Structure formats: C-alpha cells, structure tokens
Amino acid sequence: AIERTLSIIKPDAVAKNVIGQIYSRFEGAGLKVIAARMAWLSEQEAGAFYAVHKDRPFFKDLVKFMTSGPVMIQALEGEGAILKNRDLMGATDPKKAAPGTIRADFADSIDANAVHGSDAAETAAVEIAFFFPTLNVFAGR
Ligand code: CMP
C-alpha cells in the first residue's frame, strides 16, 4: 500500500552536508518528498517529539543531541514507505547497520545516527502531524 512516513535528517548529517545524498537514496528507492522544512528544534519540541522515550535512560542525551543544530524534516510517500525508509536507514546503532545503509555510511554513534524514521503506521501519522499541518503537505501535486 502507498504509505507516508516521517523522516528527520539529524544535526550530525546536516553538519556533514549530506542532505542531498540522503534525499537521493529516498528518491532512488521510489520515495517522494511530499513535505519538507529545516528547523532548529527547541528543547520543548524535541522532548515532545520523543515523548515516548521520556522514561528511557538515553532521553536527556537524545534531546540534547537533537537540539545541537539544525535538522531537515520531511514526509516521504511511496509503496511501503515506512519499512522502505527503515531498510534505507539501517539499524539504530550504526555499528550494527548493514553496509550501504544511511547509518552505516553517515552515522557515528547510536546518538549521532544521522536519521530518524517512523517505526509504524500509527506513529507515522502522529509524527507527520507533529511537524506538518496538512496545508503544508503536497501529495499529488
Ligand atoms: P531514533 O530513531 O531517532 O529514535 C530514538 C533515538 O534515541 C534513536 O534514534 C537513537 O538515536 C537514540 N538512542 C540512544 N540510545 C538508544 C538506545 N539504547 N536504544 C534506542 N535508541 C537510542
């Protein structure tokens, strides 16, 4: 089925100047960018976005990292977009990510791991709505 997923290019990958290389991977896999914006997240925004992790030991470091510089946020659309994007990203820990995946190629650590992608249909809908009011999504145009 055609799905949508929320993708974030994290501060480490933005700083490495690889936004275009990562977009090329999305496009090469048939994923279309249907909404996008760059932002420097506040502590409040990053904490709210990652609220599901608020009791995890890594939460504080996660928020600190995600607010350390600008991020590039996009909604992607395509056949099986959620799993396709997760396959492109590779494992959360870049040391465990398969060769040729975004995290294997561009990430440095489990915190500075280059990209975020929604993990399921329900979270994708919530995450897209968090960053993009529907008027700013251009599917079908
Ligand atoms: P992301 O997909 O953005 O979702 C939560 C992030 O927390 C994850 O990527 C990692 O960058 C970070 N993180 C740090 N430590 C862990 C951990 N032990 N398990 C999962 N995520 C972690």
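When you restrict to C-alpha pairs under 8 Å that are six or more residues apart and normalise by the size of the chain, the relative contact order lands at 38 percent.
Can you put PHE106, PHE130 in order of accessible area, largest first, using a 1.4 Å probe?
PHE130, PHE106
Counting heavy atoms of the protein chains alone, ASP61 has an accessible area of about 90 Å² for a 1.4 Å probe. Result for the chain in a Gaussian network model with C-alpha springs under 10 Å: among ALA97, ALA29, ALA51, the largest mean-square fluctuation is at ALA51. Under the combined filter of DSSP loop state and at most 14 neighbouring Cβ atoms within 10 Å, region 30-99 retains these chymotrypsin sites (Phe, Trp or Tyr not before Pro): TRP40, PHE58.
Across the cross-link table entries LYS54/LYS84; LYS10/LYS64; LYS32/LYS54; LYS16/LYS95; LYS10/LYS32, which are compared at the Cα atoms, the separations over 23 Å belong to LYS54/LYS84; LYS32/LYS54. Rg/Rh for region 85-141 stands at 1.09; both radii use Cα atoms, and Rh follows the Kirkwood definition.
Computed over the chain, the per-residue total of -39500 (n - 2.57) for DSSP H runs of n ≥ 4 gives a 222 nm mean residue ellipticity of -10500 deg cm²/dmol, rounded to 500. Annotation: extensible slack from ALA48 through ALA29 equals 3.8 nm (criterion: 0.36 nm per residue apart, minus Cα-Cα distance). When the alpha-carbon atoms of the chain are used, the pair Rg, Dmax equals 14.0, 42 angstrom. Could you work out which residue, out of ASN17, ASN113, ASN85, moves most in a Gaussian network model of the chain, that is, has the largest mean-square fluctuation with Cα springs under 10 Å? The residue that fluctuates most here is ASN17. Among the trypsin sites (Lys or Arg not before Pro) in region 1-90, those located in a DSSP loop and surrounded by at most 12 other Cβ atoms within 10 Å of their own Cβ are LYS54. With each label modelled as a point 7 angstrom along the Cα→C-beta vector, the LEU135-ALA121 pair spans 2.9 nm.
The values are calculated or read from the model by the stated rules, or taken from the named source; none is laboratory data. Fair warning: this is a prediction, and the values are worked out from it, not measured in the lab. Quick reminder, even Gly has a Cβ in these numbers, built from the backbone with ideal geometry, and neighbours come from all protein chains shown. All accessible areas refer to the heavy atoms of the entire protein, side chains included, with ligands and DNA or RNA removed. Shrake-Rupley method; radii C 1.70, N 1.55, O 1.52, S 1.80 Å.
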